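Heads up, the thing below is written out as C-alpha cells.
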Amino acid sequence: TITLSSSTKNVIELDGDYVYTLPDGAKITCYYVDEKYITYFEYHGKTVLVLPDGVDVLNVPTCYRRAHTIVMSSCPENYEYLSCDTLVLSTEDQTALYLMKQVYPICNRVLLTSQGKITLIEEV
C-alpha cells in the first residue's frame, strides 16, 4: 500500500498498470507483464528496475529495460536486452557466481547479496 496525504490506497490490484507520483517527486510504475509486476522507480534522475522471476524481458516495454540499477534474483529470459550501471543479484550463494558471470555483459558492475550481505564484484 501507499499513503498519499491522508488517504491510503492499494498499489497492487489484479492485472493492470499503475503509475504513482509521490509528494517528493518520486515516481513508481507498476507494470503488469507475464502475470507479475515489474516495478520501476524514478527519483531525481535515477532509476531502479525490480524484475521478478519468470518475466521474459522481451515482454517488458523498451523504456523500462534500461535503468541505473536493476535488481533481480535469477537470469530472466532474453536478459541480454537489459542494460544498467549496477546490477544487484539477490540469490543463493551456490548460484550467485554462475549468474553473475552470465549477466555481467549487461552492466558496469555487479552486487551480489545473500542473507543481508552485499559483495561488490568489479571483475569476472
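The values are calculated or read from the model by the stated rules, or taken from the named source; none is laboratory data. All figures in this text were calculated on a predicted structure; none of them were measured in a lab. Glycine gets a Cβ as well: all are built from the backbone with ideal geometry, and neighbour counts include every protein chain shown. Calculation scope for accessible area: heavy atoms of the full protein, side chains included, ligands and nucleic acids excluded. Shrake-Rupley method; radii C 1.70, N 1.55, O 1.52, S 1.80 Å.
Within the stretch 36-63, name every residue whose backbone N is under 18 Å away from a label modeled 7 Å from Cα of ASP85 along the Cβ vector. The answer is 40-50. Accessible surface area normalised per residue over the stretch 36-100 is 50 Å², counting heavy atoms of protein chains with a 1.4 Å rolling probe. Please compute the net charge surrounding TYR81, taking Lys and Arg as +1 and Asp and Glu as -1 over other residues with Cβ under 11 Å from its Cβ. Its environment carries a net charge of -1.
Once backbone amide H atoms are built at 1.01 Å from N, VAL71 has LEU49, VAL50, LEU51, VAL88 as its partners under 5 Å, excluding neighbours fewer than 5 places away on the same chain.
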